[in-house]
1. Compare Arg52, Arg90, Arg68 in a GNM of the chain, Cα atoms joined below 10 Å, and give the one with the largest fluctuation.
2. If one takes the longest principal axis of the Cα atoms in the chain, at what angle in degrees, from 0 to 90 and to the nearest 10, does the Cα axis of helix 124-133 lie?
3. What is the Cα centroid distance between the range 211-244 and the range 157-196, reported in whole angstrom?
4. Using a 1.4 Å probe over the heavy atoms of the protein chains, calculate the carbon and sulfur portion of the accessible area of the chain as a whole percent.
5. Between Leu34 and Asn195, with labels modelled 7 Å along Cα→Cβ, what's the label distance in nm to one decimal, could you check?
6. Can you list the GluC sites (Glu not before Pro) in the range 8-64 that are in a DSSP coil and have 15 or fewer other beta carbons within 10 angstrom?
7. Only Cα pairs under 8 Å and at least 6 apart count here; give the relative contact order of the range 19-82 as a rounded whole percent.
8. Determine the alpha carbon to alpha carbon distance for each of Lys97/Lys222; Lys49/Lys222; Lys49/Lys139 and list only those over 25 Å.
Amino acid sequence: MNGQPDFNRILTALQNGELVLQGQFVSGSNSTFLGQVQHETLTLPVVYKPVRGETLLWDFPVGSLARREVAAYVVSQALGWELVPPTVLRRRGPLGKGSLQWYVEHDPERHYFNFTAAEKENLRPTVLFDLLINNADRKGGHILLDAQNHLWLIDHGVCFHVEDKLRTVVWDFADQSIPTPLLADVSRVVAELQNPGSTLVSDLSPLLRVSELRALARRGLKLIDQGVFPPPPANRRSFPWPPV
């Protein structure tokens, strides 16, 4: 797909197209497959994560990781940042229900740990996004640049916990002020989260627990109130492993 992606067209293809699996990623802890979706004249490379292939975690509800992948996309779009590739919860797939995400073509050798200083300066929305969704696993290899140098974020199965779980390799902006335009976007999303009748609440309610939605809003309010990027916590592990 060349040029600016048509998110609506991609979402339609992800939800309704014919899905064929082509291979499996073997480095992760959850079953993850590379595939292809064909819908009308559109052919897309995709990443499929079936619920039945999720590793059981002591601190996240069973069978909830695929829904969290989709929730991360919904929040990214609500913020207007287009950080997460289009992602849907596919009810039927070769291995049953799971998340289906547009696979972004990228150079896997390019990631956070070899970004230039200028490229790292563009990561403030990434850091704020992870703070908001409480990302427990932001590895350097989860931050991608496509051929147009658009920044994409992937792997959000362990996000949105009600307890502080943030683990990330990106602490570059600790104690710096959060840019006003980014805080304005967070404020808008928090207002939507506090409105039970909003489209955002309607979109997130099938994906997250009520307690998780409330915690999401609380984290947003805290960021707005403090206005700075926090430093790594001293009382727990704040970096993921492995880092890439």
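The values are calculated or read from the model by the stated rules, or taken from the named source; none is laboratory data. Only a predicted model underlies this, so the values are computations on that prediction, with no experimental measurement involved. A quick note on method: Cβ atoms are made from the backbone with ideal geometry, for glycine too, and the neighbour counts reach across all protein chains shown. These accessible areas exclude ligands, DNA and RNA; they are computed on the full protein's heavy atoms, side chains included. Shrake-Rupley method; radii C 1.70, N 1.55, O 1.52, S 1.80 Å.
1. Ranking Arg52, Arg90, Arg68 by mean-square fluctuation puts Arg52 first.
2. That works out to roughly 80 degrees.
3. 7
4. 52
5. Between Leu34 and Asn195, the label points sit 4.3 nm apart.
6. Passing sites in the range 8-64 are Glu40.
7. About 21 percent, as a whole number.
8. Correct reply: Lys97/Lys222; Lys49/Lys222.
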